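K.L.:
Input: one structure, supplied below.
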Amino acid sequence: MGSRQHIALGVFLVLGLGACGNLENAPLRVGTIEGQLTEFDPEVAVVSLVGAHEVRSAVDAEGRFKLEGVPTGPAELFVVATAEKATRVSVKVTGGQSVKLQRVAPRDAGFFEMRVKSSHGERVAGVQVSVRDTPFERLVLDGAGRLRVGPLPDGCYALSIAGVGFPEVQAEACVGSGEKKELKVQLEANEELLNRCGLTGCADGLVCGPGGSCVECVLDGQCGAGMMCKGFRCAAAGPRCGACQDDGSCQVGAACQPLAEGGVACVKQCSESVNEEDIAANRCEAGFTCQQGNCLPDPARFVGCGALLQLGAECADDVRCQKLGLSGGLCLEGQCTVACTQDQECPGVSRCEDSAVGQVCSVRN
């Protein structure tokens with residue numbers, strides 16, 4: 001009986017010592033890092049642990065910081081000192097001990113200038129940007145899809161961009177000391193959503209159109225004065241190519257220029273490369289295409305400005321319309337017209353309408 005009691009007591013003591021050993025060893029798995037910044041703004045400054053940014057410390061009025069509970073082994077500190085300065089500091093942590101750093105001197109920081117757009121005009125305001133392993137989490141884009149991320153110590157970073165209606169996008173980029181790097185990201189709205197723009201909203205200048213897509217207009221009233229909605233885009237109510245004497249004879253945005261077929265007419269300039277800040281200013285109106293920097297009648301339907309002005313001319317047969325320069329011209333109810341598939345192919349107030357011979361551009365009375 002006595003021997004059994006001794007055995008039980010021995011087991012109890014072993015278990016007890018083991019438990020005490022675990023309690024005593026727990027502090028040896030973490031350490032403390034202390035330091036002081038040479039330059040800082042107490043309202044901005046924060047020191048965090050790369051890979052575990054929940055381990056962080058504010059900075060006091062003298063620039064001192066203290067991180068507790070830092071896992072033992074090699075570590076790296078992510079230091080934001082001021083709105084314009086930051087740095088990284090490598091350190092080795094020994095369990096149960098406090099590492100005291102020499103005075104930490106921050107350097108000029110880098111910044112990512114985010115420019116985020118959606119592929120179909122959905123609104124991206126409210127989309128969030130996070131930089132992995134840093135304190136910069138869930139930063140919100142402004143109404144134009146812009147955001148400055150930083151200050152960042154020089155180095156390479158992994159970013160994630162996500163928002164309601166948009167699948168998460170991953171990006172990687174590097175930035176140098178004092179560098180401001182522009183990052184352009186295009187988001188694709190979730191195609192499984194039946195009414196995408198009803199959920200995300202549309203970018204400024206666009207409205208929610210049929211099928212959940214963002215478009216420039218649905219009704220004429222959504223366009224400016226003297227404009228009309230054609231093919232969900234705002235276009236001038238009257239065609240270009242009008243006769244002119246000088247630039248003052250033309251609408252705003254057009255100039256009086258000589259034509260390849262002879263004579264002069266009001267012609268709008270265009271750009272093959274779209275200016276993201278002002279798409280409307282660089283594109284051509286309905287019935288026109290950009291040809292060597294000028295908006296001219298679509299050659300698939302009109303052989304020059306003179307031909308475009310013959311839309312609606314009197315005719316007896318198709319041959320008459322084709323001689324007037326309407327490519328594939330049709331004589332319908334005594335007036336010349338051309339075939340079309342959508343409003344955007346018809347100039348001015350003309351629209352693509354059904355007829356006895358298929359879809360054609362309507363003509364003026």
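Here, each number is a calculation from the coordinates, and none is a lab measurement. Quantities reported herein were computed from a predicted structural model and do not represent experimental measurements. Methodologically, a virtual Cβ is constructed for each residue, glycine included, from the backbone with ideal geometry; neighbour enumeration extends over all protein chains shown.
K.L.:
Regarding the stretch 117-187, what's the average projected area of the Cα-atom convex hull, expressed in nm²?
P.N.:
Projected over every direction and averaged, the Cα hull of the stretch 117-187 covers 4.5 nm².
K.L.:
Only counting other Cβ atoms within 10 Å, I'd like Glu122, Glu137 sorted with the fewest neighbours first.
P.N.:
Glu137, Glu122
K.L.:
What is the sum of charges, Lys and Arg at +1 and Asp and Glu at -1, for the other residues whose Cβ falls under 15 Å from the Cβ of Ser98?
P.N.:
Surrounding charge for Ser98 is +3.
K.L.:
Another question, then. Let me check I've understood the local charge: for Leu330, count other residues with C-beta under 12 angstrom from its C-beta, Lys and Arg +1, Asp and Glu -1. What total comes out?
P.N.:
Around Leu330, the surrounding residues sum to -1.
K.L.:
Under a plain spin-label model, where a point goes 7 Å from the Cα along Cα-to-Cβ, how far apart in nm are Val99 and Gln291?
P.N.:
7.0 nm
K.L.:
Run down the lysines and flag those whose C-alpha is under 16 Å from the C-alpha of Lys180, throwing out any fewer than 8 positions away in its chain.
P.N.:
Reachable lysines: Lys85.
K.L.:
Related question: Would you please give the FRET efficiency between Val207 and Lys92, computed as 1/(1 + (r/R0)^6) with r the Cβ-Cβ distance and R0 = 35 Å, to the nearest 0.05?
P.N.:
0.05
K.L.:
Something else: Can you check how the C-alpha radius of gyration of the stretch 28-108 compares to 2.2 N^0.38 Å, as a plain ratio?
P.N.:
1.00
K.L.:
So what's the net charge close to Leu49: Lys and Arg +1, Asp and Glu -1, counting the other residues with Cβ under 12 Å from its Cβ?
P.N.:
Value of the local net charge: -2.
K.L.:
Would you mind ranking Lys85, Lys323 by Cβ crowding within 10 Å, fewest neighbours first?
P.N.:
Lys323, Lys85
K.L.:
Normalising by the residue count of the stretch 125-211, find the relative contact order in percent from Cα pairs under 8 Å and 6+ residues apart.
P.N.:
With pairs under 8 Å counted, the relative contact order is 23 percent.
K.L.:
Given a Förster distance of 41 Å, report the FRET efficiency between Leu139 and Val319 from their Cβ-Cβ distance, rounded to the nearest 0.05.
P.N.:
E between Leu139 and Val319, to the nearest 0.05, is 0.05.
K.L.:
Can you tell me what share of the DSSP beta bridges in the stretch 117-187 is antiparallel? A percent to the nearest 5 is fine.
P.N.:
Beta bridges within the stretch 117-187, antiparallel portion: roughly 90 percent.
K.L.:
Something else about it: Could you give the nm distance between label points at Leu259 and Lys184, where each point is 7 Å from its Cα heading toward the beta carbon?
P.N.:
Inter-label distance under the simple model: 3.6 nm.
K.L.:
May I pose another question? So which aspartates and glutamates pass the test for Lys92, namely a Cα distance under 20 Å, with those fewer than 8 places away in the same chain ruled out?
P.N.:
Glu34, Glu54, Glu68, Glu76, Asp133
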